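A quick write-up on the structure given underneath.
The values are calculated or read from the model by the stated rules, or taken from the named source; none is laboratory data. What you are looking at is a predicted structure, and each value in this text was computed from that prediction instead of being measured. Glycine also receives a Cβ, built like all others from the backbone with ideal geometry; neighbour counts cover every protein chain displayed.
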Amino acid sequence: MSKEIVVAIDGPAGAGKSTVAKALANALKLKYLDTGAMFRAVTSLALISGTDVHDEAGVGSVAETMDLVMEDGSVVANGVDVTTDIRSIAVTNAVSTVAANSRVRSNMRDRQRKWSELNSGGVIEGRDIGTVVFPDAVLKVYLTASPRVRAERRVAEAGGNIDEIERSIAERDLKDSTRADSPLQESADSVVVDTSNRAIDEIVNSIVALVSDRLK
């Protein structure tokens, strides 16, 4: 077995990936990587520089030349702290387009694999971690929840119209699952976990048990 211990956490927006992945990393004493923040950082820089997010070559260049530092929850791209901006409505509305860019995806995959090498693995969350980036992960978990439940969570966090947010989530799912490069999907050997009506501690404990079993 590789010295790298990778636990892949995939799933759609709002399924609880970040909450579960952070708690899981803490429980397993592994590093945590939010790959979605990486794509958001590219999106933020593209918008800041005035690059059209539909310009594949332009956005690809933004990704390939980006200096990215992610530590302790902060995201600094090209020396600019974009931690807050990457969660803005503008970035959220544009990130699916950027994430569908093959040059961006290729560059992010390289960065994610390098990060894993440097940290001897980790709990890595995203949308294609188990299917594409780390197909040999110790454990692949696909977290999901109904669009309504995910919308309720977003409203609880940041307010808004629940029907509009549910509609937006469904549209994001469609974009992510139908893109040509590394679409959002379950891998054949992933463990599917519906987080809709389960406590975080219960979910994390069950995943820890699965990881322990795989490492025996």
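Is it fair to say ASP194 is in contact with a Gly (Cβ under 9 Å, 6 or more places away or on another chain), over 24 Å from ARG87 (Cα atoms) and acidic (Asp, Glu)? Show your work before the answer.
Values: in contact with a Gly (Cβ under 9 Å, 6 or more places away or on another chain): no; over 24 Å from ARG87 (Cα atoms): yes; acidic (Asp, Glu): yes.
Taking the combined requirement at face value, the residue does not satisfy it.
Please find, within the stretch 49-73, the residue that is nearest to ASN26 (Cα to Cα) out of those that are among the small types (Gly, Ala, Ser) and at pLDDT 95 or above.
First, pick out the residues of the stretch 49-73 that are among the small types (Gly, Ala, Ser): 49-50, 57-58, 60-61, 63, 73.
Add one more test, that the residue is at pLDDT 95 or above, and what stays is 49-50, 57-58, 60-61, 63.
Values: SER49: 36, GLY50: 38, ALA57: 38, GLY58: 38, GLY60: 34, SER61: 35, ALA63: 29 Å.
The selected residue is ALA63.
Looking at the stretch 50-64 only, could you name the residues that are β-branched (Val, Ile, Thr) and in contact (Cβ under 8 Å) with a residue 12 or more places away in the chain? First the steps, then the outcome.
First pass over the stretch 50-64, keeping only residues β-branched (Val, Ile, Thr): 51, 53, 59, 62.
Answer for the stretch 50-64, where residues must be β-branched (Val, Ile, Thr) and in contact (Cβ under 8 Å) with a residue 12 or more places away in the chain: VAL53, VAL59, VAL62.
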Pairs with Cβ under 9 Å, 6+ apart, first in the stretch 155-174 and free of Cβ contacts under 8 Å to residues at least 24 places away in the same chain and under 23 Å from GLY126 (Cβ atoms), second surrounded by 13 or more Cβ atoms within 10 Å (Cβ to Cβ) and among the acidic types (Asp, Glu): ILE165/GLU152; GLU166/GLU152
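When you check ARG109 against the structure, is it crowded, with 21+ Cβ neighbours inside 10 Å, among the charged types (D, E, K, R), at pLDDT 95 or above and farther than 27 Å from ASN205 by Cβ, yes or no?
Taking the combined requirement at face value, the residue does not satisfy it.
Please verify whether ARG87 is surrounded by 14 or more Cβ atoms within 10 Å (Cβ to Cβ) and more than 23 Å from ILE169 (Cβ to Cβ), treating the condition exactly as stated.
Values: surrounded by 14 or more Cβ atoms within 10 Å (Cβ to Cβ): yes; more than 23 Å from ILE169 (Cβ to Cβ): no.
No: the conditions fail for ARG87.
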Helices (runs of 4 or more DSSP H) completely within the stretch 140-216 that count 1 or more residues being touching a strand residue (DSSP E or B) at 6+ places or on another chain (Cβ under 8 Å), surrounded by 18 or more Cβ atoms within 10 Å (Cβ to Cβ) and of a type outside the set (S, T, N, Q): 200-215
Residue within the stretch 63-76 that is loosely packed, with under 15 Cβ neighbours inside 10 Å and in contact with a helix residue (DSSP H, G or I) (Cβ under 7 Å, 6 or more places away or on another chain) present: yes
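Output the residue which, of all residues in the stretch 19-49 that are polar (S, T, N, Q) and touching a residue at least 40 places away in the same chain (Cβ under 8 Å), is farthest from VAL133 (Cα to Cα).
From the stretch 19-49, those polar (S, T, N, Q) are 19, 26, 35, 43-44, 49; that's our starting set.
From what's left, touching a residue at least 40 places away in the same chain (Cβ under 8 Å): 19, 35, 43-44.
On the way: THR19: 21, THR35: 11, THR43: 20, SER44: 23 Å.
Applying the filter and picking the extreme gives SER44.
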